[in-house]
Structure formats: structure tokens, C-alpha cells
Amino acid sequence: MKSRLGLGIVLVVVLLTVPLSHVPFVPEFRGVEQGTLGEQSVWDWSVVEAAAESAPRSLSLLGDEAPVASPTPVSGAEPEGWTAAETSISRLGAGERAGLCGVPLEVIEWEEEQASQQPPMLSASYSYSPALDWRSYGGMDWTTPIRDQGECASCAAFATAGAIESRVEIARGNAGLNPNLSEGHMFFCGCGSCCGSGWYPNQAMDFARDTGVVDEVCFPYADQNQSCDLCGGWRNRVTQISDWEGITSVDEMKQTLVDHGPFQATMRVYTDFFDYAGGVYAHTWGALEGGHAVTIVGYDDYQRYWIAKNSWGTGWGEAGWFRIAYGECAIESYAYVPILPQASYHLSTSTTPSQGGTIDSNPSDCASDTCEPGTEVELVVSPSPGYEFSGWSADLSGTSNPASIIMDADKAVTAHFIFPCDGCVPQLFVPLAFGQ
């Protein structure tokens, strides 16, 4: 009896001599001030990280969720369905990792709340295909190149720009357009010195609607806080959306991808995501690192994943892209969908020779100004005296008069006339006075 008691005393003494820095504790729970997204609460992971840095590597504060000061590739369980390996960002420290995650976690919590309140759409019908990838649609790439936000929490600007750039190409039917919008203009003029704090995705969309975004040459991006210094004549160089909408229905997300192109979404980022090197990602190990914004460019219902464009450079993931399983990391809670201005087209008309006749169009708006896509325009030719209409050229062919053309882009038509007398030049006939 005494021996057992003595052993217990020894054990108690040993436990009491363990340094306090090695004892695990629960992270502080703090409230977030009420903002535009409503009052929310998030975990303060700074307390956990500070404890992890001082703890021995053999002691885990929160099991597999414990963040470490210097992460190593493949530091957790072997993932299923995706490959973990050292990437260009695997060995970043905690402060550097924070710069890659620029969406406040309260945003994602608000998005999840909105999704949970979405009533079921019983009568809705959808026509989207079972799979779509805008990187290879119709044999062409309708996305723009992968970019790198660096150590600045500007992901919302990159995700917004990526969605708008692709939608511009799709709306104009030109996969080679390759617009390069300035994330720097959006972030530093719309948010300010926010590299250390991040930005709200809805505010990035608001900026693209209310101000517009210049091209990269007008405001080159740098991954450090900079003043809002734009090039001369910048107002004539902006790409502007007419509005944006939020979507919480997964079916609607897929339908808008098919109909109009990519959109912006947010997600929770865990430590293992920094080691992602390919496959269909699903969170396997590691702590919650922060919130992040990406551009969704496709999906696959057969294998159940989204296809997304990241802004961490080409040394991460699948050359900068990634696939993520449905339902993972709140990726499909909310979609920020940019809406481009309604397209309008102009019809240019000309005659040759210029004095050969005229062209009347109905409706006349297409030639005098612009008209909506799909407008059918009737063209009627009226030859000048002595001339005959011989046919159309440019975007119209044949000899029909009247003729019609569908406005699905800017169009140009030319009406050709001939003077029936070969080799003759039409002359103005003036009769001589009587008696001469």
C-alpha cells in the first residue's frame, strides 16, 4: 500500500516539474466586431501557433490540427486521391503563410450561413453538362495565365480579375484575347494598404462594378503595399462589370459556369493544402490557416470535383491550378458571379463606287449606333441613276436585294455597283441650246 502511494507521489512530482510551455491548452475564443457581414466569431490561432513554436516537436497541441513553425512536406497522414509533395510554398513560415490567405474567416462563416438559409428550388430546371473545363472548351483555352500574389493577402483581387478576364473572352467569342487586368489597381485603390489584413470578395466585386479595373501595364502589381498611382488616361482603359450576384445553389453555380463562364469562390485553407501537388484535394491533416479566394473554372460530376485557378504561382499544385472534391473546405458555399454589360454590336455599311448607290437598314440603330445581339437587320440597296447593283462583300455575300444579316458580332457590309456601259465613265448629260 505504501509503495503504491509512494509511486503516485513520484508521478505527481514529475508531472508538476514539466515546464508550463510544454503543457497544451485550449486556444482563446474571441469575438469579431460587427461588420457588413454580420456578427461572427472565429478562433484566435495566434495563441496556438505561439504555443506550438515553443513546444517540442513530439508534443502535439491539437493532434493533427496543430500548426508548426516550420512546416515540412508530407508532414501528416498519406492523403487519399491527391499527392502531397514539396511545393514552392511548403517551407514558408507562419507569417508568410498568412499572407497567402487574404479572406477573413468571418466571410466564410457568413457565406455558410447564407447557404444554410437557401430554400430548395423545387421547380428549377437545369441544362448544364456533367463536366466542364474552360481551360479546354471547344479545343481552346478561355482562361488567362496563372499569376502569383506573393506575400500579400490580395487573393480576392486575383480571384475577381481571373473571373472577369475569362468572362470577357467568352462574351466576345475570342479565346485569344487574353486580357490582363490589374490586381494592383483593384486591391491598392479599392482596399488600400491591406497586404497584412486581406480584403472582402464582395468589395472587390463592388470596385470592379463602380470603378472598373485598368490593365496591368497601367498599374503593375507588386506584393507590397503601394499607393494608388495610375497611368495617365486610366479612365479610358478600364474594364467594368455592370453588376455581380451571389449564388448559394450548387446547381446554379454549374449553370452559370456553362452559360457565362468562371466565378469567384472562397475556401478554408489547412496546412496540408500548401503541400498539394496534384489530384483531387480533400483536407487530410493540419491546422486551419485562414480563408482564401480562388476562381472556379470548371467541374466534373463523374469524379465529383471543382476545377479552380489559384494565385500562388506555377510552382504549386497542378502548375498553379487545382482540383478539389465537392463539399470540401466550404468551397461551394457561395459564388461571387460578375455580370458583364449587355453586349451591343455595330453595323458598318459602305458602297463602291461611293456614288453608285445607297444602303438602307432596318432597324436603323445597328448602323447609326448599336443594337442588341441576335438582331436581324434587313438591307435594301438603291442604285444611283445609270448604275446597277452587282453584289455584296465583307460579312455578306450574294446578290440578294433586299438581304438580311444577323448581328452576333460587329459586322461590316459593302454593296458593289457597276455602270452598264463597259469601259464607259458616266457623264452628266447637258443638252445644247437650240440653234447651236
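With Cβ to Cβ distances under 11 Å as the rule, what net charge do the other residues near residue 337 carry (K, R +1; D, E -1)?
So the surrounding residues net to -3.
Return the long-range amide H neighbours of residue 390 (sequence gap of 5 or more, or a different chain), with a cut-off of under 5 Å between placed amide H atoms.
416, 417, 418
Rolling a 1.4 angstrom probe over the protein heavy atoms, how many square angstrom per residue are accessible across the range 157-246?
41 Å²
Around residue 148, what is the net charge, scoring Lys/Arg as +1 and Asp/Glu as -1 over all other residues with Cβ under 11 Å from its Cβ?
Computed value for this residue: -2.
Loop only by DSSP, 13 or fewer other Cβ within 10 Å of the Cβ. Give me the chymotrypsin sites (Phe, Trp or Tyr not before Pro) in the range 319-381 that pass, ordered by residue number.
none
Note down the net charge around residue 206, summing +1 for each Lys or Arg and -1 for each Asp or Glu among other residues with Cβ under 14 Å from its Cβ.
Computed value for this residue: -2.
Name the chymotrypsin sites (Phe, Trp or Tyr not before Pro) in the range 261-311 that are in a loop by DSSP and that have at most 15 other C-beta atoms within 10 Å, would you?
Sites meeting the loop and neighbour criteria: 302.
Calculate what fraction, in whole %, of the accessible area of the range 165-215 sits on carbon and sulfur atoms when a 1.4 Å probe is rolled over the protein chains.
Its accessible area is 39 percent carbon and sulfur atoms.
Where the centroid of each part is defined by its Cα atoms, how far is the range 303-348 from the range 220-247 in Å?
20 Å
The values are calculated or read from the model by the stated rules, or taken from the named source; none is laboratory data. All values reported here derive from a predicted model rather than from experimental measurement. Cβ sites come from the backbone with ideal geometry, for glycine too, and all protein chains shown count toward neighbours. The area values use the complete protein model at the heavy-atom level, side chains included, leaving out ligands, DNA and RNA. Shrake-Rupley method; radii C 1.70, N 1.55, O 1.52, S 1.80 Å.
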